[in-house]
């Protein structure tokens, strides 16, 4: 039993103590060590005080600091986690931090460092304001060695060894143990243990001035060096001069100091500080303010310090998404910051959010997710894509809003490589067949053609043989010119996936008929494709032994990029052509509007095109949704409709779905003029020819 009471309590200490961290030598009674919590491996910092090697006065100061830091709870002070007090040693465990001096020495010193300092000083002043105005305490040790930086770059106040109260019998500053700390004493403390003159906060504000000097110029060598500004920014100079003034009565209250620095043109009046303050109060902001903030945050992230983005802003965005109803506006900055995470962190923090977001029925959220799918698709496993994400995405193929259907089609380009056999070759092809034959938007039909051409390499060879030729031939009969052009380009881009007999008997005859198309762009692409296919046939005719080599990829997997030589123009031609078309209509794009309306049929405006007189037909939107189960891969052989999509091809050879209000207006005007002309001809015909000698009556 006695052995139990004589056990060393340090052996039961739940933390492993690592190597000491330099930076506090000769300035603090504590030795800083890195540490880890047993069991979890969580990184912590451990402040250690050797009781046996210390004097009585040092032990008194250490015990007072131990008691003070346990009770002082504030975001701008070191976070106390655990502690241990024995007759041999004193341990204080806090969140993982590093001395500010070490942090500044390791920083690159660019403009981002200035932003970090502006926010760090803001937090230190805020902590001093809490101490002086709310707790009626004086820190009495504000300098470079008493400030620490956590993993997120947040500055935290420590060094509470010499803290004292502003009220009562103990309202005198204690004597500092280390001579190196005397350089930070204000001029009015030259007389030993004299009560400070001026306001109670004057000594801490003098220390703040010393901290500002050291943050930009390094360790303060002597008090007189404060007269030299060095690298202190001009916007901070007026406030700095107030802090280091000889008259303690002119030094501002910490709260007033923040107010002065936050004035227009002040050192803390910048986008970074504004963003950090907004994130701290995001729970009380309304939806419009959050949307405006997240929209502007995306463009500002690149100018922020990386550590703040990864460990401070990203967790705040995740919390905003989870708890504060931030909406879809948080997605863009969230995915942009997600790039900073490693694979394991991304799987833990971002992927669960993605899975949850795809189950949300809100259309604006779904569209923003689909538009940014390339940012996170590489981090999604095939099981997650097929079992948790694709079933939700597939509902977008039948959405009543064209914009949702359009974005769903485009997303397949990034997801196709991760879809299993059933989802890719059966379910997705059923949806594509339905969109080709039933969708009333020319833009969406065209985008389906583009997507099929680009994901053909992932299709099962037997399914691919049944689908490609029929689908692209159907596109040639579509009344929408960009759709016909997309069909030709898709044929050429996938030329390695056709038998030579199929080229000679099906593709070339159809392409020859397109050389008389009303649209010159369609005719030009037809001639290019014909020349390429003929060259391929001629090459085999000259040397039949090449047949097996040329048709090697027909029944095997392949890549569209393997279409070498003459077909290279088709792969890049789809992008360049559609981007050119899109640039003409981008200003009038309204496809993102009215996404919340379940019956909205408004799409993205398409460019004005002259429809072919004989092939143009009107398409009527179906009154009820058609089940995808009614379509199989055999539907590709039907010739009643074409693959397609609008004429504005975006950055990746896409066309923006929807009908053109300008085109519809033009057609109405033409019909109106035609009808007026016909009525005029009928009136003249009723009047008949005038007889000789007849008097012409004036028209009223």
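FYI, it's all coordinate maths here, none of it is from the lab. Keep in mind that what you see is a predicted model, and the values were worked out from it rather than measured. Here Cβ is always computed from backbone atoms with ideal geometry, including for glycine, and neighbour counts include all displayed protein chains.
Using only the Cα atoms, work out Rg/Rh for the stretch 265-334, with Rh taken as the Kirkwood radius, to two decimals.
0.94
For a protection proxy built on the mean count of beta-carbon atoms within 10 angstrom, sort 677-684, 14-21 highest first, please.
Sorting 677-684, 14-21 by mean packing, highest first, produces 14-21, 677-684.
Just need the relative contact order of the stretch 10-97 here, percent rounded to a whole number, with Cα pairs under 8 Å and 6+ apart.
Value for the stretch 10-97: 27 percent.
Apply 1/(1 + (r/R0)^6) to the Cβ-Cβ distance of residue 311 and residue 460, taking R0 = 45 Å, and write down the FRET efficiency to the nearest 0.05.
With R0 = 45 Å, the Cβ-Cβ based efficiency is 0.50.
Using r as the Cβ-Cβ distance of residue 68 and residue 178, and R0 as 22 Å, what FRET efficiency do you calculate, to the nearest 0.05?
Here the calculated transfer efficiency is 0.75.
How do 430-437, 93-100 rank on mean C-beta neighbours within 10 Å, highest first?
Going from most to least packed, we get 430-437, 93-100.
Just want to confirm a number: the relative contact order over the stretch 270-361, from Cα pairs under 8 angstrom separated by 6+ residues, in percent.
30
Using mean Cβ contacts within 10 Å as the protection proxy, how do 202-215, 134-147 order, highest first?
202-215, 134-147
How long is the gain from residue 527 to residue 381 if the chain were fully straight, where each residue apart is worth 0.36 nm and the alpha carbon distance is subtracted?
Full-extension gain reported as 48.3 nm.
How far is it, in nm, from the label point at residue 280 to the one at residue 515 when both lie 7 Å from their Cα along the line to the Cβ?
7.4
Efficiency by 1/(1 + (r/R0)^6): what FRET value for residue 502 and residue 440, r their Cβ-Cβ distance, R0 = 25 Å, to the nearest 0.05?
In this case the efficiency is close to 0.25.
Once you keep just the Cα pairs under 8 angstrom separated by 6 or more residues, what percentage relative contact order results for the stretch 360-477?
25
For the stretch 198-227 and the stretch 42-96, what is the centre-to-centre distance using only Cα atoms, to the nearest Å?
26
Quick one: if you stick a label point 7 Å off each Cα along the C-beta vector at residue 545 and residue 259, how many nm between them?
So the two model labels end up 9.3 nm from each other.
Taking N as the number of residues in the stretch 192-292, what is its Cα Rg relative to 2.2 N^0.38 Å?
Taking the Cα Rg and dividing by 2.2 N^0.38 Å, one obtains 1.33.
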